[in-house]
């Protein structure tokens, strides 16, 4: 089994250390962690594309939280389908936040935008830790 990790921060001056540490704590080897330092507005990201090419049916794709995968709900679903159906890999989201009654609004707006509007995160800052 090949376990790969993916981390993303929105800009070069943001730090991916918390995500990388979470991936390592999950059991992802350092050399199998792919990090992009750019917006999640689309999936045209070099490290994400590189990771996607490596995924096979015995692979596990690990990400700390779903918002690190992307910002657009429809595109996240499409990528999830590519990873699980086309590549045959498993997906693990380490930290899933269930919003219950707020979930429909979050899904229609996009998770990141929803969190910004609720004041849970600042624009450009996607570090959300709810324990």
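Remarks
- Apart from one condition, residue 99 fits all of (1) touching a strand residue (DSSP E or B) at 6+ places or on another chain (Cβ under 9 Å); (2) modelled with pLDDT under 60; the exception is (1).
- Every test in (1) surrounded by 17 or more Cβ atoms within 10 Å (Cβ to Cβ); (2) at pLDDT 95 or above; (3) over 24 Å from residue 86 (Cα atoms) is passed by residue 34 save one, and that test is (3).
- Taken over the range 4-24, the criterion of being surrounded by fewer than 17 Cβ atoms within 10 Å (Cβ to Cβ) and under 26 Å from residue 88 (Cβ atoms) is satisfied by 24 alone.
- Any hit, the range 107-125, residues being modelled with pLDDT of 60 or more, closer than 28 Å to residue 1 by Cα and either touching a helix residue (DSSP H, G or I) at 6+ places or on another chain (Cβ under 8 Å) or in a helix (DSSP H, G or I) (or both): no
The values are calculated or read from the model by the stated rules, or taken from the named source; none is laboratory data. Computed from a predicted model, the values in this text were never measured in an experiment. Counting neighbours? That spans all protein chains shown, and the Cβs are built from the backbone with ideal geometry, glycine included.
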